[in-house]
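Report on the following structure.
The values are calculated or read from the model by the stated rules, or taken from the named source; none is laboratory data. Just so it is clear, the model here is predicted, and its values are computed rather than measured. When we count neighbours, we look across all protein chains shown, and the Cβ atoms used for this are built from the backbone with ideal geometry, even at glycine. Side chains included, ligands, DNA and RNA excluded: accessible areas come from the protein's heavy atoms. Shrake-Rupley method; radii C 1.70, N 1.55, O 1.52, S 1.80 Å.
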Amino acid sequence: KMHFKVIICDEAQYIKNPASVRAQAVLAMNSDYRIASTATPIENSISELWSILDYSNPGYLPSLKEFNKKYGERRVSDEVFKKIVEDLRTQLETIVLRRTKEDRLKDELPTKNVITQWCDIDEKQINLYRRICDDYGDNGSISNFLHHFQMLVMALTNPELLDGLYGIAFPTDYISPKLQKTLDLLHDIKRREEKTLIFADRKSVQSKLRDVIKAQYDIKPNVINGDTPDTLRRNYISRFGPDAGGESGFDVLILSPQCAGLGLNLVNANHVIHYLRSFNPAVENQATDRVYRIGQNRPVSVHVLVARTSDPELKFTVEQKLDDMIKRKQDLLKDYLFASRINRISEE
C-alpha cells in the first residue's frame, strides 16, 4: 500500500503574509500534498492570494514580485485589466475551487440588500472635526495618528462621548445624525415587528446605543463584547437563534464585530446595522453572516452607516474614505475570483 501525508490548512487567510512566522511554520511542515481552505483568500491585496497558493501549490505561480507586477496593477484601462483578470482566472481554474453561499444555496437563501445610509454631520460636528485635524497638524506623528483617527470617528458618530475634548462640548442627551438615522431605521423595524443586530466595536458607543434604544423603545438591548460572560452570552443569543422558542417581535442585539465571527447563528433577526465599521471587509461580512445563513427564511437588509460632510473645505470625512477603501478591497475579490450577486443600494 502507498501512504501519503496530506496537510489541510483551514482558515488559510492566517498565512496571507508569506514573511510571517506562521506562514513560515506551515511551509516547513513535511507533506506530500497540501490543501488550503479559506473563505477570505483576498482581504487587502492580491499578494495574499499568492501566499495561500504558494503554500498549497508551491512553484505553480511566478515569484511574488513577478506575480504582483503582472496581476496587481489596477491603474490600467478597463480593457487591459479585463485581460489581466481572465489570464489569472485561467491560471487558477485547475487549482482553485471557489463556491459561495449564493452559488450553492441560491434556492435556500433569501435576498440580501446592502444599503449605504448617508448621515450628514451638523455644523457643531464640523467645527469639532476641524479642531481635531488642526491638533494633529500641530502635533502629528505616526505614533498618535491612530488616536486622532479614532477621535475623528467619534466626532462623526457620538461626539458627546468625547466629554468636551478639543474645547467643544456636547450635551449628554445629544443625538448625532448617525444615531438619529439608526433610530429612524429601528422605528421601521419595530413597525414590522422584526429583530436587528447592531455592530459597533467601541464599548462606550455600545453603552450609548443601549441606553438610547432602551429610553426610546422601552426594551433592554443586550450587548455582546469581549467582557460578556459565557452564561449571559448564551442567554442573549437564545433570543435571536433558530431555536428561540417562538419568541417574535421587535428586539435589538448590540455586538462587537470581533465577537460575531465565532459561529453565532442569529437568524431570528433579519436586519443588520453596521454603526461603527471595521477596516477589514471580511470582519464586516462575517458579522452580516450571523443572520444571512442557512435557516434564514426572510429577506435580509444590511444598513451601512457612513457619516459625510457637505462642507466644501473638508470635502470628505474619514468614514467616506473608509467606505471607499472597503469597497476597493471587496472589489479585489470580486474582480479576481467571482462576480458579486449582492444588490447594493445607496440611499440619499
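Convert each backbone phi in the range 307-316 into a coupling constant with the Karplus relation 6.51 cos²θ - 1.76 cosθ + 1.60 (shift: θ = phi - 60°), then list the ³J(HN,Hα) values in order as whole Hz, x for Gly and Pro.
For the range 307-316, the Karplus curve yields 7, 9, 10, 9, 5, x, 7, 6, 6, 7 Hz.
Once each part is reduced to its C-alpha centroid, what is the distance from the range 1-79 to the range 257-305 in angstrom?
For the range 1-79 versus the range 257-305, the Cα centre distance is 27 Å.
Obtain the nm distance between the two label points defined at Ile35 and Arg191 by a simple spin-label model: each point lies 7 Å from its Cα along the Cα-to-C-beta direction.
5.0
Full-extension gain between Glu66 and Asn44, please, as 0.36 nm times their residue separation minus the C-alpha to C-alpha distance.
Full-extension gain reported as 6.1 nm.
Between the helical axis of 142-157 and the dominant principal axis of the chain, each derived from Cα atoms, what acute angle in degrees is found, rounded to the nearest 10?
Between helix and principal axis, roughly 50 degrees.
Rolling a 1.4 Å sphere over the protein heavy atoms, what is the accessible area per residue of the chain, to the nearest Å²?
53
Tilt of helix 123-139 relative to the longest C-alpha principal axis of the chain, in degrees (0 to 90, nearest 10)?
It is inclined by approximately 60 degrees.
Once both axes come from the Cα atoms, what is the angle between helix 78-92 and the longest principal axis of the chain, in degrees from 0 to 90, rounded to 10?
60
Under a 1.4 angstrom probe, counting protein chains only, how are Phe145, Phe81 ranked by accessible area, largest first? Spell out each step's value before the answer.
Numbers: Phe145 105, Phe81 15 Å².
I get Phe145, Phe81, largest accessible area first.
Whenever you get a sec, compute what percent of the accessible area on the chain sits on carbon and sulfur atoms (1.4 Å probe).
For the chain, the apolar C and S fraction of the accessible surface comes to 50 percent.
What order do you get for 32-45, 275-288 when each peptide is scored by the mean count of other beta carbon atoms within 10 Å, highest first? Walk me through the numbers on the way to the answer.
Numbers: 32-45: 17.1, 275-288: 20.4.
So the peptides 32-45, 275-288, ranked by packing, come out 275-288, 32-45.
Could you list, in their original order, any pairs among Lys124/Lys327; Lys16/Lys82; Lys203/Lys321; Lys70/Lys321; Lys70/Lys178; Lys208/Lys327 whose Cα atoms are separated by more than 32 Å?
Among Lys124/Lys327; Lys16/Lys82; Lys203/Lys321; Lys70/Lys321; Lys70/Lys178; Lys208/Lys327, the Cα-Cα distance tops 32 Å for Lys70/Lys178.
Pick the calculated Rg and Dmax of the Cα atoms in Å for this structure from (i) 20.6, 69; (ii) 22.4, 69; (iii) 22.5, 77?
The value computed from this structure is option (iii).
Ranked from the most accessible area to the least, with a 1.4 Å probe and all protein chains present, what is the order of Tyr55, Tyr236, Tyr60, Tyr14?
Tyr14, Tyr60, Tyr236, Tyr55
Quick one: ranking Met29, Met154 by accessible area, 1.4 Å probe, largest first, what do you get? Intermediate results must be reported in sequence, preceding the final value.
On the way: Met29 95, Met154 5 Å².
Largest accessible area first, the list is Met29, Met154.
Given only helices, namely DSSP H runs of n ≥ 4 each adding -39500 (n - 2.57), what is the per-residue ellipticity at 222 nm of the chain, to the nearest 500 deg cm²/dmol?
Helix-only estimate at 222 nm: -13000 deg cm²/dmol.
Roll a 1.4 Å probe over the protein heavy atoms and report the accessible area of Ser63 in Å², nearest 10.
50
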